[in-house]
Amino acid sequence: MIEKVVNRKKITEQSSDRAYWLSRSCQERIDALEEIRTEYNTWRYNDKQRFQRVYTITKRKQG
């Protein structure tokens, strides 16, 4: 059986996520972001990702 463990810390004692990510290279941050995006899209859209349509409306000159 797995034992539940809870650690209580004051806010001032918590480690900084910002400091961790600033210590990572740009490529590592982008890779982590892509992994999170992929996981979210798989959960949200059941892995049915499609390209979005892009419409451009331009005003034509008269005359």
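What follows is calculated from the coordinates using simple rules that are stated; it is not laboratory data. Being a predicted model, the structure only gives us computed values, none of them experimental. Positions of Cβ are backbone-derived with ideal geometry, glycine not excepted, and every protein chain shown enters the neighbour counts.
In table form, for the structure just shown:
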item: Residues located in the stretch 1-38, provided they are among the basic types (Lys, Arg) and in a helix (DSSP H, G or I); result: Arg18, Arg29, Arg37
item: Residue match in the stretch 40-47 (condition: assigned to a helix (DSSP H, G or I), hydrophobic (A, V, I, L, M, F, W, C) and surrounded by 10 or more Cβ atoms within 10 Å (Cβ to Cβ)); result: no
